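Below you'll find the structure, written out as structure tokens, and then a few comments.
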There are 4 protein chains.
Amino acid sequence: MEDHTQQEQVSLEVHKRIQDSFDRQGLMSHLGARIAHIGPGRVHIVLPSRPEVTQQHGYFHAGATSAIADSAGGYAAHTLFPEGTEVLTVEYKINLLAPAVGDRIEAVGTVLKPGRTLTVCQLEVFGVQNGQRKLVANGQQTLIRVTVER
Amino acid sequence: MEDHTQQEQVSLEVHKRIQDSFDRQGLMSHLGARIAHIGPGRVHIVLPSRPEVTQQHGYFHAGATSAIADSAGGYAAHTLFPEGTEVLTVEYKINLLAPAVGDRIEAVGTVLKPGRTLTVCQLEVFGVQNGQRKLVANGQQTLIRVTVER
Amino acid sequence: MEDHTQQEQVSLEVHKRIQDSFDRQGLMSHLGARIAHIGPGRVHIVLPSRPEVTQQHGYFHAGATSAIADSAGGYAAHTLFPEGTEVLTVEYKINLLAPAVGDRIEAVGTVLKPGRTLTVCQLEVFGVQNGQRKLVANGQQTLIRVTVER
Amino acid sequence: MEDHTQQEQVSLEVHKRIQDSFDRQGLMSHLGARIAHIGPGRVHIVLPSRPEVTQQHGYFHAGATSAIADSAGGYAAHTLFPEGTEVLTVEYKINLLAPAVGDRIEAVGTVLKPGRTLTVCQLEVFGVQNGQRKLVANGQQTLIRVTVER
């Protein structure tokens, strides 16, 4: 397992802003997902294995894999945005490289190209079993920054 | 709202095979999704609105939208396959065109190009409010047919 | 073959703007491509078969197929934009459904969702042989509108 | 500029097989592209700047950028395949991150996940100006291995 303690951290303000937004995503808590790391331009989201997130063979459902990948990328972009802005997914593409099995899956969203309007992220999802990580999905995502209307 | 009663139907055997597979997808029942139509090369999946499937603004989460779109495409391909075969998603790409709001969303997977090994589907997701349908997501998916090992 | 004469036409001003822009694309004339139709939200581009646009088996190269698909989508979006604006491709995804063979290939770009900032297009490419059309590629494209700086 | 001399090389047989296939691609020579490196699971293709590969603003056309990216990924997969097999592009998705300017552009195709049937590659394209490299496009590609019929 990666040691996140030595990774670069975001400010407490950004950390709180992202955790608060995540906590308002009904789907994430319904699936049982949680944020595992928030760094500048990089966010990890973990989803433990349970019957409620599977497809017909008992693997993680591609929809669950994609859901945490999409959120990880969105929040990775969000770490680089000023307060009072939000991020929306424009589109993403994901390849499901191998059956998603493990104690849990971990999605890593990483900003590849930040921008004032559009940001592009890389999405990776790993199956984690007994501390071993295996890449099970890989994708690319386009996001747009929007100003929050109050 | 579409009248599915006049649409072409699959055989009872195919209908049962797909409904049984769907019922084994823990994620679909956990989200509250259900199959609304099974035709040859076309499957509709409906997801009613509830807090458990939202993102931070109360809209349907892109992960929920994608999950039912992915399943709709997979089962649309599955209707064209012989017994003893399964379908796996190779990859998909989805554009989120508008905020996914409504009483429910409905994903429509349609086979665009069937094949012995690879099948390509179109994915559409509509927000449905008071019987009005609006396209909220559009995508394209590649699937692979695999023989079930027993 | 489609009869374009009965299709809806754009204004002469829009037609001229798009044809002029197309004529400045060195790649399109180098490949031998030409615009076959300009309608509101829809543009067709034709590429005749010649050795200079093939891959190693003598089929149209995926790069040539994609190039005219990308341009067709871009100009389809452009037909809906006001003067003094330009369009840039943000990203696209394309499935190569069948070997691209024929006397020529024809790309059809169609606006699926217009927008002030982002526009999403559907991309289709047909192989045309003796007047028979066959879908050889299908894709989806995201474009951004930019104001021309003078 | 990267020093390819210290990178891992493929066998002479694989090198020849790929160079021969590339030389049969009419489009690549028509554009003026050439292979710059062939390593196991990685191929670089370079395209010098010239008016014949531009779009309307004088930048490299997205179609040219995509064409060499697609070929680089295809040949990267090909380096891992046994003799008597060929590779076809199933689909790819590419984000155009920045205007593609420079003396030349260089596409790097890298195998992300090899497979008996399907192989997934990462695609990167750099603009190179006075030896400075800048990422101008990033993509992801699915390929299928086929046996050559003789």
**Asked** Quick one: is D:Ile38 touching a strand residue (DSSP E or B) at 6+ places or on another chain (Cβ under 9 Å), buried (at least 20 other Cβ atoms within 10 Å of the Cβ) and either of a type in the set (Val, Ile, Thr) or more than 18 Å from D:Asp103 (Cα to Cα) (or both)?
**Response** yes
**Request:** Could you please let me know if C:Ala98 is within 14 Å of chain D (Cβ to nearest Cβ) and either under 16 Å from the mean Cα position of the chain (by Cα) or crowded, with 20+ Cβ neighbours inside 10 Å (or both)?
**Result:** no
**Asked** How many residues are surrounded by fewer than 17 Cβ atoms within 10 Å (Cβ to Cβ) and outside any loop (DSSP other than H, G, I, E, B) when one looks only at segment B:74-85?
**Response** 1
**Message:** Residues to consider are C:Asp70, C:Asp103; find the one that is more than 11 Å from every other protein chain (Cβ to nearest Cβ) and acidic (Asp, Glu).
**Reply:** C:Asp103
**Prompt:** Which members of segment C:125-145 meet the condition of being open to solvent by 10 Å² or more (accessible area, probe 1.4 Å) and more than 10 Å from every other protein chain (Cβ to nearest Cβ)?
**Reply:** C:Phe126, C:Gln129, C:Asn130, C:Gly131, C:Gln132, C:Arg133, C:Lys134, C:Arg145
**The listed residue being buried (at least 16 other Cβ atoms within 10 Å of the Cβ) and basic (Lys, Arg), out of D:Arg116, D:Arg104** = D:Arg104
**Asked** Just one of the numbered conditions (1) under 19 Å from D:Gln140 (Cβ atoms); (2) among the aliphatic types (A, V, I, L, M); (3) more than 14 Å from chain B (Cβ to nearest Cβ) is not true of A:Leu80; which one?
**Response** (1)
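Within segment D:69-123, which residues are of a type in the set (Phe, Trp, Tyr) and at pLDDT below 95? Spell out how you get there, then give the answer.
Filtering segment D:69-123 down to residues of a type in the set (Phe, Trp, Tyr) leaves D:75, D:81, D:92.
Of everything in segment D:69-123, just one residue is of a type in the set (Phe, Trp, Tyr) and at pLDDT below 95, namely D:Phe81.
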**Prompt:** How many residues are surrounded by fewer than 24 Cβ atoms within 10 Å (Cβ to Cβ) and within 25 Å of B:His15 (Cβ to Cβ) when one looks only at segment B:48-73?
**Reply:** 1
**Item:** Filter result for A:Leu112 (in contact with a Cys (Cβ under 7 Å, 6 or more places away or on another chain) and within 13 Å of another protein chain (Cβ to nearest Cβ))
**Value:** yes
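The values are calculated or read from the model by the stated rules, or taken from the named source; none is laboratory data. Keep in mind that this is a model prediction, so the values were computed, not measured. Don't worry about glycine lacking a Cβ; one is built from the backbone with ideal geometry, like all the others, and counts go over all protein chains shown. These accessible areas exclude ligands, DNA and RNA; they are computed on the full protein's heavy atoms, side chains included. Shrake-Rupley method; radii C 1.70, N 1.55, O 1.52, S 1.80 Å.
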